[in-house]
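In what follows, a single structure is set out as structure tokens and then discussed.
Read-outs throughout are calculated quantities, based only on the coordinates presented, and are distinct from any laboratory measurement. From a predicted model like this one, the values you see are computed outputs, not experimental measurements. Positions of Cβ are generated from backbone atoms using ideal geometry, with glycine treated the same way; all protein chains shown enter the neighbour counts.
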Amino acid sequence: MIRKVRLFTPGPTPLLPAAQFAMAAADMHHRTPEFRALYKKVLAQLKVFVGTEGDVILLSSSGTGAMEAAVTNLTSPGDKVLVLTAGKFGERWTGLAKAFGCVPEVVSVPYGQTFDLAAVKKALENAELKAVFVQATETSTAVRHDLEAIAKLVHAAPGKPLLIVDGITGLGTTHFDVDAWGIDVLIGGSQKAVMIPPGLAYLSVSERAWAAMETSKNPRYYFDLRKERKNAVNGETAYTPAVALVAALGAALDYIAGQAGGDLAKGREALVNNAEKNAEATRAALLKMGFTLFAPSAPAAAATAVAVPEGMDSGDVVKALKTRFAAVIANGQGEMKGKIFRVAHLGFFDYLDTVALIAAMEHIAKDTLKLPVEYGAAVAEAQKIFARG
Ligand SMILES: *Cc1c(COP(=O)(O)O)cnc(C)c1O
């Protein structure tokens, strides 16, 4: 039988055809009126997509580049910072902070869990903290954090630290109110919910964060946010941007707006709700097959992490889906490898993608893992979720 390659990975995610066409057609120089018009349009759209009145800066890098930019632009060597970590991406904040001479205090929870807010509050009592680093959704465990509650605690903290959020899989899967919650930096990446290839990162920057950059002392050159902000006013970038990806991003944001009659803010809400629905259906179906959820108390809509029964290897599920159905899901990262697999819902996924994956997963659960699966039972669980509207 024909097998179509389908990505179900939490980045890179499936590509939007309209964005691919826009990329192919983007044969332009960046120091031209055409590019300046495109860049200004995309930056304006990004502000709506992120949901802020403040600036959004676009960088030609993967998401980690914007994480590094947040650290280098906003901290100085010797700064005490707080890292809230619940997985591999939280650990990346600790690594970045150390790499640039910060002294991180770390609040961590076991993989699959979210933070105890009392512990966060306690750690925030340190009046010397300059910044707090956290994920909105920890993609390695598929956990969603209660960012609104965390933001409240951060703003009540005596040191008035900046709040810097890796929303790379949170954007487009979670409702944020960036300005009202006082998120100083919120970071996104192109290969996640905005349905285009890897290579762009974007971040909102609050007025407080711009002010902090005036005195922060860590070195920065390529990722100098103040330089990018100055250029962006004229539709310019400091260096050669990933022109084709900018065109793709514009087309993708048009598509997202098109989901709500041209209203991008409403289209973003629809995109979040779409991820929620696919995630809910996937959880119900996988539970029915006999799997357990890895993050049952705070599951993300971006992806679902699933634990395989004791003694089984999640890598076998990943491999069997690939060889039998050309469907690509993600194994666990680091210590979670072999124990969990992850299925994405962020971006360009629809009902048919989800039920098809569940149907394929029934075959794998039955044939590869020898679970007592009855064909159609898990699919029906997903159908019930969708039928509820
Ligand atoms: C994908 C991802 C990143 C960025 O990784 P890059 O490979 O640099 O794009 C960072 N944080 C989270 C939570 C992610 O899901």
Using a Förster radius of 41 Å, what is the FRET efficiency between Thr292 and Arg208 based on their Cβ-Cβ separation? Nearest 0.05, please. 0.45
In order through the range 170-175: 3J(HN,Hα) via Karplus (6.51 cos²θ - 1.76 cosθ + 1.60), integer Hz, x for Gly, Pro: x, 5, x, 9, 9, 7
Amide H contacts under 5 Å for Val103, placed H, 5+ residues apart: Gly78, Asp79, Lys80, Val81
List the relative contact order of the range 17-258 as a percent without decimals, with contacts defined as Cα pairs under 8 Å and 6+ residues apart. 31
Apply the membrane-span-like helix rule to the chain: whole DSSP H runs, Cα extent along the own long axis of at least 27 Å, mean Kyte-Doolittle hydropathy at least -1.0. List the helices found. 264-288
Relative contact order of the range 71-114, defined on C-alpha pairs under 8 angstrom at six or more residues apart (%): 48
Residue pairs, from the table Lys47/Lys152; Lys277/Lys339; Lys192/Lys277; Lys47/Lys227, whose Cα atoms sit over 21 Å apart: Lys47/Lys152; Lys277/Lys339
No solvent, one uniform scatterer per C-alpha: report log10 I(q)/I(0) for the chain via the Debye equation at q = 0.08, 0.14, 0.15 1/Å, two decimals. -0.41, -1.20, -1.32
If you build a Gaussian network model of the chain, linking Cα atoms that sit under 10 Å apart, which residue out of Pro77, Pro12, Pro158 swings the most? Pro158
